[in-house]
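Here the structure comes first, spelled out in structure tokens, and everything after it is commentary.
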Amino acid sequence: MLLAVLGLVLLASFFIVVGISDLAAASVQRREMLMGIDATDPTNIERPLQRWDRWFRSTKIGGRIHEQLVLAGEDDKPAILVTLIAIAGGGLVAYVMWVGLAPVFSLLGVGAIVLGLRIYISRAKTRRREAFIAQMPELARVLSNGTNAGLAIATAVAMASEELAEPAGSEMARVARQLKFGASLQESLQEVEQRLPSREVAVLVSTLLVSARSGGSLVGALRDIADTLESRKEVRREVRTTLAQATATGYLVIVMGFAILFLLNIIQPGTVEEMTTTTLGQVALVVGGTFFVGGFLIIRRMTKFEG
């Protein structure tokens, strides 16, 4: 019964935190739009959240978090708000572990803060990269049509930035803006490759750079790339669907480990806390945790796909 209650509390808290994050981000975006419209209004006062976020970004940790949010395409969300939500989630994990297991397990709340931020930013980067890769066949076709019409690569990139949706549109707009201000094509495209590392992006960037240096049939190359990328997109989708169950199993291994500890405490209250105070219990916890974490890492390694 206690396990079910704790699980429901965690689930409800997760949805509350996610909802607050989305509402706050939408509110900040709305205020920024209104401030842009009423920029000439002298009564327009900067919001406290924006002032705190600016101060937080001036710190070393805040600047790093903001930089990662920008790379993940989540720059519309205040870095201080994301950090506060992570701290709140870590505090919740610490409280549940303290009450449900033993005081020493509350230290996992600190790890949950760091791990939560890393997972959130990593997943945001992955979503942005996957969305860009999914748009690459269309991007290659737009560039191919532009160069086939006699446009220079820089002009074709600017045209692609206007025709394509996010995130390809903003990435091409950034490249076009850098080219406009005198940056070389190589530097601009290599920055895209650094922001969105993948084999598909590397192939497209290499094709554009080689064609710009030595000439050749850029139109034919881009059309071939578009067809190849379309096929690769279908293969990627099939592989990820096949590995979805195995990936879920990896996370289930960790959940089962904590579930067993909660179950022990339900059957015999105080068992886990007593294990943390005895040598034999500490050895059992360390060995068991090592096996569960090792199983999780092995499954993740077996199901890792970078195609």
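Name the pairs whose Cβ atoms lie under 8 Å apart, with the first residue in segment 181-205 and free of Cβ contacts under 8 Å to residues at least 24 places away in the same chain and closer than 15 Å to Ala152 by Cβ, the second of a type in the set (D, E, K, R) and assigned to a helix (DSSP H, G or I), and 6 or more positions between them or separate chains?
Close Cβ pairs satisfying both conditions: Ser188/Arg174.
Within segment 164-182, restricting attention to residues that are more than 21 Å from Glu138 (Cα to Cα) and hydrophobic (A, V, I, L, M, F, W, C), which residue is surrounded by the most Cβ atoms within 10 Å (Cβ to Cβ)?
Leu179
Can you tell me which residue in segment 137-163 is surrounded by the fewest Cβ atoms within 10 Å (Cβ to Cβ), limited to those that are among the hydrophobic types (A, V, I, L, M, F, W, C) and within 19 Å of Lys233 (Cβ to Cβ)?
Filtering first and then ranking leaves Val142.
Every residue in segment 240-251 that is surrounded by fewer than 14 Cβ atoms within 10 Å (Cβ to Cβ) and under 30 Å from Pro103 (Cβ atoms), please.
Matches in segment 240-251: Tyr251 only.
Taking the stated definitions as given, is Thr271 over 30 Å from Val175 (Cα atoms), polar (S, T, N, Q) and within 26 Å of the chain's Cα centre (by Cα)?
No, not satisfied.
We did not get these values from a lab; they are worked out from the coordinates using the rules stated. Since the structure is predicted, the reported quantities are computational estimates derived from the model, not experimental observations. Note that each Cβ is placed from the backbone with ideal geometry, even for glycine, and that neighbours are counted across all protein chains shown.
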